[in-house]
Amino acid sequence: MRKYLAFAAFTGLAFGSTWAQVDSLATEEEEDYSLYDNVSFADAGTKAYCTNKIEGLSPSKLISVGYDYQLGYNLTSINTPGGQVQDVYEQADFARSNGMRLALNVPVISRNDLIVQLGANYWNQGYSLENEGIDNPIAAGLAANGLRTTGMNLTVFKPFDETRFFLFQGSGDLNGDYSFSDIMPLKYTKYSAAALYGKRVSDRKMWGWGLARTYRVGELNYIPILLYNSTNLANTWGTEVLFPARAHVRRTFNPRSMLFMGYELEGNSYRMYRSSVPQNDLEIRRGELRFRFVYERSLKDFIWLSAQVGYRYNYSFDADVLPEGQEFFRGFFGDQPLAMEQSLTNPLYFNISLNLVSP
Amino acid sequence: MKNVLIALCLVLSGSLFSSFIQQGTDGDRLLGVWEPSNGRARVKVEKIGSKYFGKIVWLKEPIDPETNLPKVDKNNPDPALQSVPLKGYRMLKDFTYAGNNQWTGGTIYDPLNGSTYNCTINMRDNNTLDIRGYIGVSAFGRTDVWKRLQVQRN
């Protein structure tokens with residue numbers, strides 16, 4: 001009797017499980033997909049919102065560990081008639097300029113009606129000087145201390161409905177020749193922000209326009225910005241544009257292998273905090289255009305390689321005196337004199353990074 | 001004969017009991033049709049055995065504009081699966097109900113890039129799911145909000 005009971009209990013449980021499975025599989029085979037053409041949200045108050053992506057966009061990077069390398073170039077410093085620095089400095093020859101670039105981005109709020117992402121970044125730029133005992137305190141300071149950026153950033157994506165959205169990006173960066181054992185006070189933090197109104201007109205196109213407070217040209221500036229992301233029907237070509245910060249044409253070989261052609265405008269204002277320069281409050285207004293090819297591909301699953309090669313074109317390496325870090329606005333048309341004009345020759349550069357990309 | 005009848009009764013009652021247990025759990029609240037935030041697909045969650053699976057039952061663009069044929073899983077890294085139709089594809093797999101409105105232990109597949117992610121489902125309310133796809137640890141992920149759909153029967 002006990003054998004019957006055990007058999008019955010086992011058979012019953014097994015049948016129960018199998019019936020559920022068979023029933024489900026049978027349902028799958030007989031599925032009438034046209035049923036799902038006509039649906040409504042179960043919650044009558046549900047509103048649909050557009051997302052922050054379109055099809056075919058390159059994946060967002062959660063973690064990035066990179067290395068940037070510029071070939072040799074020269075630095076010429078020229079005193080300016082109205083400026084505060086009147087010395088004539090020797091031309092500096094840099095054999096290379098290179099350093100690590102680290103970035104972290106973590107989504108902290110992900111809802112259909114709001115996406116908030118926090119990030120942190122650290123860039124280090126070393127300068128390898130060829131002239132020994134050079135009479136150029138700025139070049140000597142760069143060679144001795146390098147430049148670095150440590151910053152945090154915030155991105156907010158707020159959709160209003162299925163097409164319209166608002167995008168905000170803000171960042172605070174501490175830029176200069178400081179070290180972590182001799183770090184600059186936070187009062188020298190440079191704040192940048194961009195606000196943009198846009199439309200996601202289809203699954204393959206979104207655009208927007210807005211205004212940015214930026215240091216990408218080296219010094220503080222307020223400039224209009226334009227977003228234009230698009231992908232063709234076959235997902236083989238596209239654009240990823242946030243003008244004037246960056247603009248790229250994308251060639252997609254497959255979703256795990258892409259080539260970009262375009263440029264990035266990169267820069268910030270760097271305080272000479274440790275270096276012995278003629279003015280203690282000197283800030284280098286570094287802005288450069290990087291015309292480049294970028295190849296990105298998945299090495300394994302979510303680990304992506306990004307390799308860049310390009311031409312670094314100097315837009316600005318001039319210097320201003322900012323007592324106590326008090327910023328001023330010159331814009332494109334202001335006539336405030338520079339403390340020092342500096343020009344750089346333009347080398348090739350390479351950049352390679354390993355990235356953990358976002359789902 | 002009497003013993004055989006008793007055994008049959010036990011088989012039926014065991015089966016009914018098992019079925020009752022499976023259908024009556026809190027976990028079954030996940031069953032139904034859901035729409036991801038991008039609105040490009042509708043996903044029907046079913047239960048197979050004790051686990052929950054979600055298959056694509058509707059696509060906003062069912063036809064591949066390149067081939068003019070129904071879309072297939074062309075971005076799958078496994079070439080053998082690249083001709084599998086997307087409609088009917090199980091993009092949610094192997095979820096079990098962990099209690100406290102959470103389904104865990106499963107994966108989510110993104111047909112747009114052919115990647116499979118670890119996934120946790122949290123039911124915010126009966127009609128809203130927080131679907132968190134992540135890589136290794138939950139911090140490295142993204143949450144998408146899915147809404148329950150009602151199928152309009154004709």
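The values are calculated or read from the model by the stated rules, or taken from the named source; none is laboratory data. Every value quoted in this text rests on a predicted model; they were computed, and no experiment measured them. When we count neighbours, we look across all protein chains shown, and the Cβ atoms used for this are built from the backbone with ideal geometry, even at glycine.
What to note about this one:
- Considering residues of segment A:303-347 that are touching a Leu at 6+ places or on another chain (Cβ under 6 Å) and part of a loop (DSSP other than H, G, I, E, B) only, the residue modelled with the highest pLDDT: A:347
- Condition check for residue B:93: away from chain A (no Cβ under 12 Å) and of a type in the set (Lys, Arg): yes
- Residue within segment A:127-150 that is at pLDDT 95 or above, under 15 Å from residue A:62 (Cα atoms) and surrounded by 15 or more Cβ atoms within 10 Å (Cβ to Cβ) present: no
- Some residue of segment A:286-306 being crowded, with 19+ Cβ neighbours inside 10 Å, more than 18 Å from the chain's Cα centre (by Cα) and more than 14 Å from chain B (Cβ to nearest Cβ): no
- The lone exception for residue A:240 - which of (1) under 26 Å from residue A:327 (Cα atoms); (2) crowded, with 19+ Cβ neighbours inside 10 Å; (3) out of contact with any Asp or Glu (no Cβ under 8 Å at 6 or more places or on another chain) it fails: (1)
- Among residues of segment B:136-154, those that are under 19 Å from residue A:118 (Cα atoms) and either free of Cβ contacts under 8 Å to residues at least 60 places away in the same chain or more than 8 Å from every other protein chain (Cβ to nearest Cβ) (or both), counted: 7
- Which listed residue, of B:133, B:49, is touching a residue at least 24 places away in the same chain (Cβ under 8 Å) and facing another protein chain (nearest Cβ under 8 Å): B:133
- Test: residue in segment A:263-286 that is touching an Asp or Glu at 6+ places or on another chain (Cβ under 7 Å), over 18 Å from residue A:149 (Cα atoms) and at pLDDT 95 or above: no
- With a requirement of 1 or more residues that are of a type in the set (Gly, Ala, Ser) and at pLDDT below 90, the strands (runs of 3 or more DSSP E) lying completely within segment A:1-118 that satisfy it span A:39-41, A:73-79, A:92-111.
- Across segment B:120-154, the qualifying residues are those that are surrounded by fewer than 17 Cβ atoms within 10 Å (Cβ to Cβ) and either touching a Pro at 6+ places or on another chain (Cβ under 9 Å) or basic (Lys, Arg) (or both), and the one among them that is nearest to residue B:100 (Cα to Cα) is B:124.
- Residue satisfying condition, being at positive phi, in contact with a strand residue (DSSP E or B) (Cβ under 6 Å, 6 or more places away or on another chain) and more than 11 Å from every other protein chain (Cβ to nearest Cβ), within set B:99, B:105: B:105
- Each residue in segment A:155-175 was checked for being over 16 Å from the mean Cα position of the chain (by Cα) and either modelled with pLDDT under 95 or closer than 30 Å to residue A:205 by Cα (or both), and 9 of them qualify.
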